[in-house]
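Enquirer: Let me give you the structure first, and then I'll get to my questions.
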Amino acid sequence: MVRRSGRRPGNPDTRDAILGAARTAFAEKGYDGASIRHIATVAGVDPALVHHYFGTKDKLFLAAMNSPIDPGVIIPEALAGDPDAVGERLVRFFLGIWDSPAGKAGVAMLRSAVSSEWTARLFREFVVSQILRRVRAAVPMAPDQAPMRVSLVASQLAGLAMARYVIKVEPLASAPQEVLVAAVGPTIQRYVFGDLPGVWPEG
């Protein structure tokens, strides 16, 4: 028998092949550098089949990360409203997700991110392209200050997730949500809108 060459037709293994190619491409090339066409070529399928299974590049990336949430949906919701309460709202929304059944998948993502350089690169692309960009788009910040401000926000929230859900440091791990909202929210608010004299001495 002569084995057919060419692209792999749709079959039960096709989705896994696409996801494997996508994870490698996103980790090595970054979100912006990885294209649907390149991922399809590596997976041995037509680009149309990638769109058939996953729709958009964003959806493919979320599937590759096994993300329990869609930041494109939740971040605009979390940040909409009174600018003076952005910090508290963001922390409350963040804790609400991690304390929900979806939080188990979030913990798995975080543990994976610190297990190797490869997974760390992939997780960093997720944070930058899916979360930080959306925060910058939703919250008015000076363009020259936005990268530092949103990365400080990310550091605070990532540290909170690690201490509360992975390492489980007490009493942080069992503290009620509203206690943490009141404690951490003002810090997030300052990172977003407040003076950061250690970063910009002119204040």
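Enquirer: Suppose all protein chains stay in the model; what accessible area per residue would a 1.4 Å probe give for the stretch 88-203, in Å²?
Expert: On the way: 6020 Å² over 116 residues.
On a per-residue basis, the stretch 88-203 sits at 52 Å².
Enquirer: Still on this structure: Rounding to the nearest 10 and keeping the result within 0 to 90°, find how far the Cα-based axis of helix 146-161 lies from the longest principal axis of the chain.
Expert: 90 degrees
Enquirer: Okay, next question. In the stretch 83-122, with Lys and Arg counted as +1 and Asp and Glu as -1 at Cβ, which of these residues, Gly87, Gly103, Ser115, has the Cα nearest the positive end of the dipole, that is, farthest along it?
Expert: Ser115
Enquirer: Here is a further query. Only one of the values (i) 17.3; (ii) 13.7; (iii) 12.8 was calculated from this structure for mean projected area of the Cα convex hull in nm²; name its label.
Expert: (ii)
Enquirer: Which aspartates and glutamates does Lys57 reach when only Cα atoms under 19 Å apart count, and residues fewer than 8 places away in its own chain are ignored?
Expert: The qualifying aspartates and glutamates are Asp16, Glu28, Asp32, Asp46, Asp70, Glu125.
Enquirer: When the dipole is taken about the Cα centre of the stretch 58-128, and only Lys, Arg (+1) and Asp, Glu (-1) are charged at their Cβ, what size is it in debye, to the nearest 20? Walk me through the intermediate numbers first.
Expert: Numbers: 7 positive and 9 negative charges, 68 e Å.
In total the dipole reaches around 320 debye.
Enquirer: In addition: Can you work out ³J(HN,Hα) from phi for every residue in the stretch 139-145, in order, using Karplus 6.51 cos²θ - 1.76 cosθ + 1.60 and θ = phi - 60°, giving whole Hz and x for Gly and Pro?
Expert: For the stretch 139-145, the Karplus-derived couplings read 10, x, 9, 4, x, 6, 9 Hz, x marking Gly and Pro.
Enquirer: Taking 8 Å as the Cα distance limit and 6 or more residues as the minimum spacing, I'd like the relative contact order of the chain as a percentage.
Expert: On the way: 190 pairs, mean separation 46.4, N = 203.
Relative contact order here is 23 percent.
Enquirer: Next question, about the same structure. Taking the chain as the reference, fit the longest principal axis to its C-alpha atoms, fit the long axis of helix 117-126 to the helix C-alpha atoms, and give the angle between the two in degrees, 0 to 90, nearest 10.
Expert: Long axis of 117-126 versus the principal axis of the chain: about 70 degrees.
Enquirer: For the stretch 32-97 and the stretch 102-163, what is the separation of their Cα centres, given in Å?
Expert: 12 Å
Enquirer: On the accessible surface of the chain, probed at 1.4 Å, how many percent belong to carbon and sulfur atoms?
Expert: Of the solvent-accessible surface of the chain, carbon and sulfur hold 58 percent.
Enquirer: Using a cut-off of under 20 Å, list every residue of the stretch 110-152 whose amide N is near the label point 7 Å from the Cα of Ile167 along the Cα-to-beta-carbon line.
Expert: The answer is 110-117, 120, 124, 152, whose backbone nitrogens lie closer than 20 Å to the label point.
The values are calculated or read from the model by the stated rules, or taken from the named source; none is laboratory data. Computed from a predicted model, the values in this text were never measured in an experiment. Note: ideal-geometry Cβ built from the backbone for every residue, glycine included; neighbour counts use all protein chains shown. For the accessible areas, the whole protein counts, side chains as well, though only heavy atoms, and no ligand, DNA or RNA atoms are used. Shrake-Rupley method; radii C 1.70, N 1.55, O 1.52, S 1.80 Å.
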